[in-house]
Structure formats: structure tokens, C-alpha cells
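A quick write-up on the structure given underneath.
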Amino acid sequence: MRFTLLLFILYHILKRAVKKNAAFRSYIGAIHNVRVMIKTADGKRGRVFIFDRGGLKSRSGATHPYDVAIVWSDPGTAFRVLSSQSDEQQFLAAAAGKMKIDGMAFFAQWFNDGVKLVM
Amino acid sequence: MALINGGHLVGKYLKQVENVDIVFGISGGHIESMLDGFTEYKIRTIDVRHEQAAAMMAHAWSVYTGRPGVCFLTAGPGFTNGLTGIANAYLDNAPMVVLCGRHPLRDDLTGALQELNQMDIVKPMTKWAATCYDTKRIPEYLSIAFRQAMEGRPGPVFLELPPDILNVKVEESQAPKPSRATRKYTVHPDDADLKNAADIINGAKKPLFLGGTGIGFSACAEQLRAFVDKSGIPFMLLNNGRGELPDTHPLSIWDAGNIGMMVTIQQADVIVSAGLRFNWILQSGKIIPPATKLVRIDIDPHEVDRNRTADAGLVGDAGSVLKQLTPLVQKRDHSEWLKTLRAASRSMLDYEIRTRENPSDPIHPIRLAAQIRSVTGEDAMYVADGGDTVYFGLTGFMSKHRAGVIGTSSGLLGCLGTGIPFAMAAKLAYPDRNVVLLNGDGSFGFNSMEFDTMVRHNIPILCVVNNDCAWGMIKHSQELSIGADRLQCSELGTRRYEKMVEGLGGHGEFVTRDEDIVPALERAIASGKPACVNVMTDPTVTSPATPLFYQSLKME
Ligand SMILES: Cc1ncc(C[n+]2csc(CCOP(=O)(O)OP(=O)(O)O)c2C)c(N)n1
């Protein structure tokens with residue numbers, strides 16, 4: 001629940017940044033249709049973020065198509081690591097096998113770097 | 001009285017002083033007596049079908065053998081065709097010697113055939129360039145050229161030899177042959193700088209060693225092994241330094257791939273880099289967090305603080321600096337850190353690992369590279385050329401050999417078409433090894449006529465075309481930037497490249513299904529001929545290199 005809420009809040013923060021934060025707007029630029037999914041491994045929770053020509057759309061749920069998915073072993077770990085906003089925590093979660101990347105790893109990094117600009 | 005002409009003097013010097021036994025090029029009237037000099041002194045010539053391939057082969061020869069590669073170009077168009085290969089060697093710091101014809105000095109400003117101011121064109125892309133005006137001084141000029149190519153930071157050199165000096169005879173005793181210096185000049189860092197570097201390394205908890213082309217040209221396997229084995233530092237060897245220690249060395253993290261490297265760079269507390277420029281691939285150094293301590297070793301003092309100020313800078317040949325540094329570093333065991341970074345990288349590469357292991361339809365290029373590796377193993381020499389293809393090759397192949405995996409188009413010039421010449425040079429340098437080239441279908445087009453050269457000279461490489469019917473990296477980058485509905489100049493057709501190779505006398509295979517990859521590769525190798533295995537792959541697939549490329553050109 002907390003994970004789903006966190007993703008929802010993240011969406012709203014990013015949506016606002018698209019309108020108000022010049023650095024973030026320039027960062028995402030006019031990129032066409034990049035779909036970043038954040039979800040749990042069991043496919044029960046998730047949210048996709050779609051960056052398209054300077055805009056951002058998002059849908060709740062883990063079944064949407066994506067270019068990259070950041071897949072968390074469980075919502076608790078996901079919440080803890082994401083809310084820590086720490087690269088090191090993400091790295092350690094990956095080392096512990098609690099976070100995996102599916103698809104284009106570059107976009108996971110791209111997304112994380114974008115989020116850093118906003119937080 | 002013994003008379004010798006200028007062309008023969010060239011051959012004699014190359015053979016007797018520099019021990020050159022192979023040269024690459026295309027014939028031309030302006031350089032005829034030099035060609036005869038090659039015959040006279042039994043220097044093998046590989047006559048190619050486009051001069052850019054000759055220059056690229058000479059460049060590759062230096063990478064594979066550590067000795068300067070020599071190419072010959074005729075005046076005018078031979079020269080201009082060779083320029084891409086010269087520029088590529090320049091940006092790669094490769095010691096290549098270019099011997100080039102010229103219109104006669106006698107005919108300057110008369111509208112002579114192929115009259116062109118070659119020197120002004122070539123100077124900015126060579127380490128040294130000169131015209132020889134006196135037959136007697138040919139050996140002297142050549143000796144300067146070879147020294148310039150090899151000493152300090154290596155690079156390509158250019159010697160222009162007009163017919164007025166090539167085609168005339170001189171008394172041989174008037175053209176003294178300089179002997180080759182056996183000394184090796186080395187520059188050494190200060191003791192205080194070495195101690196400073198060692199202190200940083202000894203204090204590291206999560207260190208990483210990155211080696212580049214400078215490691216390869218230093219040929220410092222022994223010193224590097226002693227350094228990493230003592231310091232326990234996980235390492236990755238990039239560019240033409242790859243394979244100086246085998247990819248399979250227990251501390252090599254090539255299994256983590258480029259993505260693992262990027263992630264590790266961001267987590268390391270100390271980075272030691274040697275013979276590696278912090279160029280666009282490393283985001284001009286910006287990828288390294290500000291708090292990370294940096295020790296940089298380079299033969300060129302200007303590199304040490306370029307794009308990022310180093311905490312310790314050691315100037316000198318990589319091998320000789322490592323030799324001095326090793327006694328000062330403490331014996332360490334970083335196996336826990338290594339385990340962590342390997343495990344994290346595995347999670348990041350989860351998708352690639354699954355893709356490697358499972359059959360795909362249409363064939364995924366990552367799977368294709370894995371299937372190739374399953375056939376030719378770690379004893380082969382691998383070359384990758386293309387956009388996305390170079391990523392799939394660099395991360396998919398592993399070799400136990402020096403320069404065993406080279407992404408030829410991922411040098412600073414980013415030059416497509418380099419794969420075929422590099423693979424040919426690798427096969428000539430190591431005739432007993434399998435040489436496998438993974439080639440994008442776009443890149444394949446630039447030098448594919450060299451299959452004729454391979455047939456004539458019996459250079460049986462195995463070229464696998466990753467055929468996505470597109471200039472893939474550009475197509476996928478356009479999808480990100482201008483949109484999939486407005487693709488421009490980025491698509492190609494379904495072409496039977498293997499038939500073209502068959503037509504030239506090589507072996508061809510066409511593959512569309514996963515289960516046919518391995519048998520086709522095996523047949524191609526068994527044929528003993530230069531072979532092309534044309535594999536249709538998934539046109540929707542792109543690599544992480546493409547968004548990186550897209551991002552690097554985003555201006556607002
Ligand atoms: C000589 C040269 N021309 C053009 C380019 C621009 N370019 C970079 S990547 C690329 C596409 C490469 O396509 P291909 O060889 O088929 O490999 P793929 O990306 O499909 O794997 C092009 C055209 C270049 N780097 N070099």
C-alpha cells in the first residue's frame with residue numbers, strides 16, 4: 001500500500017516538475033515515448049511512467065508495456081530504498097537480489113537521475 | 001659502386017632496420033619503385049580494394065602486434081581514400097606509418113596528375129608529417145617516422161615520397177642506414193607522487209581499476225598482474241587495452257558488462273585509471289562522483305587532469321609506473337566488494353543474461369553473440385563493428401587473448417567499417433586462431449569488398465552480420481528524437497550479403513532461426529574460407545549505447 005502510494009506521489013511530483021522545473025523539463029527534453037515501469041516481482045503492484053515529447057503520463061498497474069522495468073522483490077524493500085533516495089541503497093538492494101532491471105537498463109539510470117533533479 | 005633507387009631504399013630500410021614483413025595498400029604509378037622495393041626485400045603486401053581498409057589494417061596491425069603497422073597510398077585519391085583510416089588511428093593513438101606518393105616535385109603548380117596539397121590536409125590528423133626531398137635521406141626520414149610513431153604517446157605518422165626521389169638511383173653508401181636504437185626511454189613520476197597515489201590506494205575500501213589503450217600499447221601484462229594481484233583491486237580493461245590481462249582473470253569484471261562498470265564507477269571510493277582518456281563514453285569524467293578519489297596514470301601529462309582533476313597524477317608508461325607503484329601498495333583482499341559489485345551487476349543485467357540463455361524468435365542480437373561465443377569460446381579473437389552491434393559484441397564476447405575483444409567502431413572517431421580490416425589484420429597476426437567479426441549490416445557495407453582481398457590472400461575470417469535491416473543505432477535514436485513516423489535515411493533492406501561473399505569466392509550462410517545459428521557457424525568455420533553468416537535479427541531491439549548516444553547530442 002505504502003509502495004503504491006509512494007509511486008502515486010512520485011508521479012505527481014514529476015508531473016509538477018514537468019510544468020514548473022526548468023532543469024527537469026530540459027532533462028527529459030523531447031524524448032519520444034520512453035516507458036519506465038516500477039513494479040513488484042509478483043506483478044501485483046506497479047506504475048508505468050511514460051515520457052513523450054516533453055509530457056508525462058502515468059498508469060497504475062504492473063501489466064503495461066515498458067522499455068525498462070525496475071522490479072522489486074517486495075513492496076517493503078521498494079518503499080524503504082526508494083524513500084531513502086540513496087544510490088548506495090539501490091546498489092545494495094541490487095546486490096542482495098532485491099531489485100532487478102528488466103529491459104533497457106540505461107533508462108532506469110536515466111529515470112533515477114531525473115528523479116534526483118527533482119528531489 | 002652500388003646504386004639503389006629510392007623505392008628500394010624504402011624496402012631495404014623497412015625490412016632490415018624495422019623488421020617490417022607486411023604492408024597494406026593499393027598500387028599506383030607514383031609509388032611503383034617502392035612496390036618493387038617490397039618485392040626486392042621480400043615484404044609481404046596485402047593489396048586491398050579501398051585505401052581506407054589499408055590504413056585501418058595498418059592501425060589494427062599495431063594493436064594486435066604492438067609494432068607499428070605500415071600502409072602505402074598512392075598520390076591523390078589513394079591519399080584521400082586513406083584519410084578516414086589515418087584519422088581513426090590518430091584519435092586512437094595508434095603507431096602507424098603511412099608511406100604516401102605525391103605528384104612530382106618537378107611538376108608543382110603545373111596541373112600535374114593528382115596534384116594536391118596533401119601535407120596541409122594530413123597534418124592535423126597525424127603526430128608527425130613530412131615530405132622527403134632527397135633520395136639519400138630516405139632512410140633517415142624513415143627512422144624519424146618510426147621513432148615518432150612509437151615514442152611517448154604513440155600516433156600515426158605520414159611520410160610523403162615524390163617520384164623525384166623514389167625513382168632515382170643514388171650510390172648506396174651515400175644513403176646511410178640509421179641503426180635502430182635499442183634504448184627505451186621512460187619518464188618516471190616523482191617519489192612523492194607515487195607515495196601519494198599509494199596512500200590513496202591503500203586507504204580504499206571499494207576500489208576500481210580502469211585501464212585503456214595505453215595499457216595495451218605499454219604491453220604491461222606482467223606489471224599489471226603484479227599490481228592487481230597485490231592490491232586486490234577489481235579491474236576492467238577497455239578499448240585497445242582489453243585482454244592485456246584475460247577477461248577471465250578472477251578480478252576482471254567484464255562479466256558485469258558496461259552497465260556493471262557504470263554502476264560500479266558510481267559506487268567506488270577510489271578509481272585508479274591508466275592509459276584511459278575520460279571521453280564521452282565516460283561522460284567526460286562526469287560519471288565519477290565528486291567525492292571519489294582518483295589516481296590517474298598516463299604517458300601524456302596533459303591527460304592527467306583532463307576533464308577531471310586527479311587526486312594523484314602519475315606520468316609515464318603504464319607498465320613502468322605500475323612497476324614502481326606495486327611495492328608501495330599494501331596486500332589487500334577486496335573479495336567482499338567484488339562479490340557485491342558482481343551481484344549488483346547481475347541484477348542490473350538480469351534481462352541480458354536471460355536473453356543470452358534462451359532461444360528467441362526473431363533472433364535477439366544478445367542471443368546471437370552468446371551462440372557465437374558458445375561455438376568459438378575464449379580462444380578466439382573477437383571484433384565488433386556497428387552501432388548497437390558493437391555493444392552486443394563487447395558485452396557478449398570474452399577472450400583470453402590480448403586485444404581479444406575489440407569494438408572497432410567504439411573508438412573516438414566512432415568509425416563504422418573498421419571491423420573487416422581489423423578482423424583481417426587479426427587473422428594475419430594470429431593465423432591459428434579463429435577470428436570472429438560481429439558486423440552491423442550497415443557497417444558491413446563499407447569494406448565488404450575486402451572479401452575479395454581475403455580470398456586472394458587466404459585470410460579466412462568469420463564475419464557474422466547482425467542484420468536488422470537498418471542503421472540500427474541511428475534508427476532507434478531517431479525514434480527517440482524525431483519519432484518513429486519520421487525516420488530518415490536509417491533503414492536498409494533485407495539483403496543477402498552472404499551471396500555477395502559467395503560470389504567473391506567465400507563461404508556464405510543465411511540464418512533466420514535460432515536453432516540454425518550454431519550449425520551455420522560450424523559449417524562456416526569448417527569451410528576454411530573467408531565466411532559470411534548473415535543472420536536476420538530482431539529489428540526492434542536496441543542497446544543501451546543508443547540512448548547514451550542520443551543523450552550526448554541533446555543540446556537543449
Ligand atoms: C563511417 C560512419 N558513417 C556514419 C556513422 C553514423 N552512424 C553511427 S551508428 C550508425 C548505424 C550503424 O548501423 P549498423 O552498422 O547496421 O549497426 P547497428 O546499429 O544496426 O547495430 C551510423 C550510420 C558513423 N559512425 N561512421
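The values are calculated or read from the model by the stated rules, or taken from the named source; none is laboratory data. Please read all numbers here as calculations on a predicted model, not as lab measurements. Every residue, glycine as well, gets a Cβ built from its backbone with ideal geometry; the counts of neighbours run over all protein chains shown. Please note that ligands, DNA and RNA were not included when accessible areas were found on the heavy atoms of the full protein model with its side chains. Shrake-Rupley method; radii C 1.70, N 1.55, O 1.52, S 1.80 Å.
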For this session: In nm, give the distance between the simple-model label positions of residue B:219 and residue B:339, each being 7 Å from the Cα along the Cα-to-Cβ direction.
Result: 4.0
Seminar exercise, completed: Residues whose modelled amide H sits under 5 Å from the amide H of residue B:116, counting only those 5 or more places away in sequence or on another chain, are B:103
Exercise. For peptide B:252-260, how many partner chain Cβ atoms fall within 10 Å of a residue's Cβ, on average?
Worked result: 1
Exercise. Under 17 Å Cα-Cα from residue B:529, which aspartates and glutamates qualify once same-chain neighbours fewer than 8 residues away are excluded?
Worked result: B:432, B:450, B:452, B:498, B:502, B:509
Seminar exercise, completed: With R₀ set to 25 angstrom, the calculated FRET efficiency between the beta-carbons of residue A:41 and residue B:484, to the nearest 0.05, is 0.25
Seminar exercise, completed: Partner shielding of B:339-345, taken as the mean number of other chain Cβ atoms within 10 Å, equals 4
For this session: Step through the residues of segment B:224-239 one at a time and calculate ³J(HN,Hα) from phi using the Karplus curve (6.51 cos²θ - 1.76 cosθ + 1.60, θ = phi - 60°), rounding each to whole Hz and writing x for Gly and Pro.
Result: 5, 4, 4, 5, 6, 5, 6, 6, x, 7, x, 9, 9, 9, 10, 6
Seminar exercise, completed: Taking B:513-520, B:80-87 and ranking on average Cβ neighbours within 10 Å, highest first, one gets B:80-87, B:513-520
For this session: Round to a whole angstrom and tell me the spacing of the C-alpha centers of segment B:143-184 and segment B:65-134.
Result: 14
Problem set entry | Protein heavy-atom accessible area occluded, A/B pair - total, 1.4 Å probe, Å² | 2100
Problem set entry | Estimated FRET transfer efficiency (residue A:33, residue B:2; beta-carbon r; R0 51 Å; 0.05) | 0.10
Exercise. If each of residue B:311 and residue B:353 carries a label point 7 Å out from its Cα toward its Cβ, how far apart are those two points in nm?
Worked result: 3.1
For this session: Order B:378, B:160, B:522, most accessible first, counting only protein heavy atoms with a 1.4 angstrom probe.
Result: B:522, B:378, B:160
For this session: Only residues of segment B:122-158 count here: report those whose backbone N is under 20 Å from the spot 7 Å along Cα→Cβ of residue B:169, or say none.
Result: B:134-139
Seminar exercise, completed: The long-range amide H neighbours of residue B:407, using H built 1.01 Å from N in the peptide plane and a cut-off of under 5 Å, are B:384
Exercise. How long is chain B along each principal axis, judged by its Cα atoms, biggest number first, in Å?
Worked result: 73, 61, 48
For this session: Within chain B, what's the longest run with no chymotrypsin sites (Phe, Trp or Tyr not before Pro) in a DSSP loop and at most 15 other beta-carbon atoms within 10 Å? Give the range, please.
Result: B:186-556
For this session: Give me a single rounded figure for A:95-105: the average over its residues of other chain Cβ atoms within 10 Å of their Cβ.
Result: 6
Seminar exercise, completed: Result for chain B: accessible area per residue, probe 1.4 angstrom, in square angstrom, of 38
Seminar exercise, completed: Residues of segment B:347-395 that bury at least 30 Å² of accessible area, probe 1.4 Å, when all protein chains are present rather than the chain alone, are B:347, B:348, B:350, B:351
For this session: State the percentage of accessible surface on chain B attributable to carbon and sulfur atoms; use a 1.4 Å probe and exclude ligands, DNA and RNA.
Result: 51
Seminar exercise, completed: For the protein assembly as shown, percent of DSSP beta bridges that are antiparallel (nearest 5) comes out at 25
Exercise. Rounded, prolate or oblate: which one fits segment B:191-345, using the alpha carbon gyration tensor with axes a ≥ b ≥ c (rounded when a/c is under 1.5, else prolate when a/b beats b/c, else oblate)?
Worked result: rounded
Exercise. Separation between the residue A:16 and residue B:36 pseudo-spin-labels, each 7 Å from Cα along Cα→Cβ, expressed in nm?
Worked result: 8.4
Exercise. How long is the gain from residue B:151 to residue B:131 if the chain were fully straight, where each residue apart is worth 0.36 nm and the alpha carbon distance is subtracted?
Worked result: 5.2 nm
Exercise. Under the definition of Cα pairs under 8 Å and six or more residues apart, what whole-number percent is the relative contact order of segment A:1-80?
Worked result: 32
Exercise. Counting only protein chains, not ligands or nucleic acids, how are B:222, B:491 ordered by accessible area (probe 1.4 Å), most first?
Worked result: B:222, B:491
For this session: Any chance you could check the Cα centroid distance between segment A:4-63 and segment B:419-463 for me, in angstrom?
Result: 46
Exercise. Rounded to the nearest whole Å², what accessible area per residue is found for chain A with the 1.4 Å probe?
Worked result: 46
For this session: Could you tell me which of rounded, prolate or oblate describes chain A, using a ≥ b ≥ c as the square roots of the eigenvalues of the alpha-carbon gyration tensor, with rounded for a/c under 1.5 and, failing that, prolate when a/b is larger than b/c and oblate otherwise?
Result: prolate
For this session: Anything over 20 Å Cα to Cα? Flag those among B:205/B:339; B:195/B:293; A:100/B:339; B:339/B:400; B:206/B:230, in the order listed.
Result: B:339/B:400
Seminar exercise, completed: If amide H atoms are modeled at 1.01 Å from N in the peptide plane, then the residues at a separation of 5 or more from residue B:507, or on another chain, having amide H under 5 Å from its own are B:531, B:532
For this session: Would you mind telling me the share, in percent, of accessible area of chain A contributed by carbon and sulfur at probe 1.4 angstrom?
Result: 55
Seminar exercise, completed: Expected vector for segment B:504-509, Karplus 3J(HN,Hα) from phi with 6.51, -1.76, 1.60 and θ = phi - 60°, integer Hz, x for Gly and Pro, equals 8, x, x, 9, x, 9
For this session: Using R₀ = 41 Å, calculate the FRET efficiency as 1/(1 + (r/R₀)^6) where r is the Cβ-Cβ separation of residue B:179 and residue A:26; round to 0.05.
Result: 0.10
Problem set entry | Using θ = phi - 60° and Karplus 6.51 cos²θ - 1.76 cosθ + 1.60, couplings along segment B:188-204 (whole Hz; Gly, Pro as x) | 10, x, 5, 4, 5, 5, 5, 5, 4, 4, 5, 4, 4, 5, 5, x, 6
